[in-house]
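A short worksheet on the structure shown next.
The values are calculated or read from the model by the stated rules, or taken from the named source; none is laboratory data. Please read these numbers as outputs of a predicted model, since none were measured by experiment. Cβ coordinates were reconstructed from backbone atoms using ideal geometry, including for glycine residues, and neighbour counts include every protein chain displayed. Accessible surface areas use protein heavy atoms only, side chains included; no ligands, DNA or RNA. Shrake-Rupley method; radii C 1.70, N 1.55, O 1.52, S 1.80 Å.
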Amino acid sequence: MIRRNYRTAAVTLAFSLSASLISAQNEDKPRPSRQKQYTIEQATSERAQLHTMAFSGLAFLTGSFGADCFFPPGKVADFFGFQYMRDNDKNALGHNTDFLTRIATNVLSILTPEQLDQLKALANKQAPVYDEFAQKRMVLIKAFRESLENNKTLNRDAIIRYTAMLYALDAELSYDRALVCGKVITSFSDEQKAKLKKLDFTNSSTWPALPENLDKRSLSHRAHVAVMTYASELFSWYAGSVTADVYFCPERHGTYFGGFYLKDFPAMGNKGYNISTALTGDKGRDFIETLTPDQSACLKSTVQKHMPMMQEIVKTRESVAQELRKAISGQQPDKEKVFSLIKRYGELDGELSYDYVTCFIRIKNSLTDQQTAKLYQLRSLDILPKGTYIYSDATPVPDSIVCSFLLK
């Protein structure tokens with residue numbers, strides 16, 4: 001049986017907000033130019049979705065409740081082009097733990113005190129909403145774990161209703177951020193625009209390495225994370241496009257199964273660490289190869305079933321992005337429309353996730369001991385949390401998580 005060690009230290013996932021300088025060693029090291037262009041067509045392709053679902057299956061079947069809760073803050077309210085900028089960086093820094101901090105510090109150095117105060121006020125307002133999202137997400141994850149480990153039957157309709165409610169928080173975060181960031185953008189001076197123009201959206205080598213001078217005394221940890229996120233995504237939104245806003249990585253949906261922990265935990269506390277862009281695809285492929293054709297059939301049929309839903313997600317995101325972008329030109333986005341669209345987005349995510357866990361349980365119930373051992377070996381990461389996570393911050397497991405209403 002695989003060895004499992006445990007950590008409880010409250011370390012912060014470095015990509016989510018290291019405040020330190022990029023070291024001279026990393027600054028001087030040449031980076032290969034990224035040739036591959038990541039697109040929404042690639043992200044929603046059957047192959048990408050199959051390997052991503054398989055990777056989630058590996059993480060879920062060999063993981064734990066705490067690992068399932070691990071979640072990058074940037075995957076919430078992600079209609080501002082940052083993921084596209086990250087994935088298509090010609091400097092190949094996009095999946096380095098310093099990427100977000102580097103662009104955020106540049107933006108913060110350009111903002112006026114008044115503009116920065118608007119971001120701080122938004123962060124203080126939204127910090128409790130971020131926490132509420134993470135805590136409610138735990139309820140869904142607990143239900144999925146109950147189904148896997150205790151043979152409980154999931155209530156499909158209840159799950160879809162719940163994810164729609166969860167995404168209402170995402171809509172609140174997205175809409176209010178668009179209003180504030182739009183107001184900041186419309187107030188840019190010609191001098192600020194000239195400075196921002198020197199920062200190439202497609203090439204992080206044009207972003208100077210600056211210290212983080214953000215005064216944290218008036219901010220909670222969550223609010224500080226939010227300000228850094230706002231600053232980085234303010235740039236990707238301002239310098240990007242609807243195409244960038246619509247884009248998502250293949251693992252954007254069905255995020256309740258520990259895939260982000262398996263992929264990103266090694267980056268925690270590691271400055272200058274490059275998160276592998278091949279890990280999901282490679283281990284997803286290896287997971288499928290460990291299964292019999294009958295076992296892997298549900299993975300393939302589920303992904304094929306989801307293809308029309310993927311297209312609806314793309315169209316939904318496009319409509320949201322177009323509406324939110326009105327704020328950049330000083331217009332008022334239609335709040336009712338944005339909330340309705342993102343609620344539908346949540347329903348789609350709930351249906352996708354229900355299908356995922358149903359398939360994963362079917363596979364688990366048919367695994368041989370030899371296959372199970374192989375999966376733990378394939379996981380390779382033998383560290384599982386004793387507690388759980390609020391995003392990437394370690395925290396004790398709550399005393400009670402009521403998820404019975406999501407079960408039959």
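Quick one: in the stretch 57-107, of everything that is hydroxyl-bearing (Ser, Thr, Tyr) and closer than 20 Å to Phe248 by Cα, which residue is least open to solvent (accessible area, probe 1.4 Å)? Even if it seems obvious, please write down each step before you answer.
The initial filter retains those residues of the stretch 57-107 that are hydroxyl-bearing (Ser, Thr, Tyr), namely 62, 64, 84, 97, 101, 105.
When the remaining residues are screened for being closer than 20 Å to Phe248 by Cα, the result is 84, 97.
On the way: Tyr84: 43, Thr97: 0 Å².
The extreme case among them is Thr97.
Can you tell me which residue among Ala267, Ala297, Ala226, Ala278 is of a type in the set (A, V, I, L, M), within 18 Å of the chain's Cα centre (by Cα) and modelled with pLDDT of 95 or more? Spell out the reasoning first.
Values: Ala267 fails: modelled with pLDDT of 95 or more; Ala297 fails: within 18 Å of the chain's Cα centre (by Cα); Ala278 fails: modelled with pLDDT of 95 or more.
The match here is Ala226.
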Pairs please, first residue from the stretch 182-198 and over 14 Å from Trp237 (Cβ atoms), second anywhere and assigned to a helix (DSSP H, G or I) and modelled with pLDDT of 95 or more, Cβ atoms under 7 Å, 6+ apart in sequence or on different chains.
Ser187/Gln115; Gln192/Ile110; Lys195/Ile110; Lys198/Thr206
Among the numbered conditions (1) assigned to a loop (DSSP other than H, G, I, E, B); (2) open to solvent by less than 60 Å² (accessible area, probe 1.4 Å); (3) at pLDDT 95 or above, tell me where Val402 comes up short.
(2)
Restricting attention to the stretch 184-207, and to residues there that are out of contact with any helix residue (DSSP H, G or I) (no Cβ under 6 Å at 6 or more places or on another chain) and among the polar types (S, T, N, Q), which single residue is surrounded by the most Cβ atoms within 10 Å (Cβ to Cβ)?
Ser204
So Glu132 ticks every box in (1) in contact (Cβ under 8 Å) with a residue 60 or more places away in the chain; (2) surrounded by fewer than 17 Cβ atoms within 10 Å (Cβ to Cβ); (3) under 18 Å from the mean Cα position of the chain (by Cα) but one. Which box is left unticked?
(1)
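Within the stretch 360-367, can one find any residue that is over 13 Å from Leu61 (Cβ atoms), out of contact with any Leu (no Cβ under 6 Å at 6 or more places or on another chain) and at pLDDT 95 or above? Walk me through it before giving the result.
Step one: filter the stretch 360-367 for residues over 13 Å from Leu61 (Cβ atoms), giving none.
Among the residues of the stretch 360-367, not one is over 13 Å from Leu61 (Cβ atoms), out of contact with any Leu (no Cβ under 6 Å at 6 or more places or on another chain) and at pLDDT 95 or above, which makes the answer no.
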May I ask you to list the residues in the stretch 257-274 that are in a loop (DSSP other than H, G, I, E, B) and either free of Cβ contacts under 8 Å to residues at least 24 places away in the same chain or closer than 17 Å to Arg379 by Cα (or both)?
Phe257, Gly258
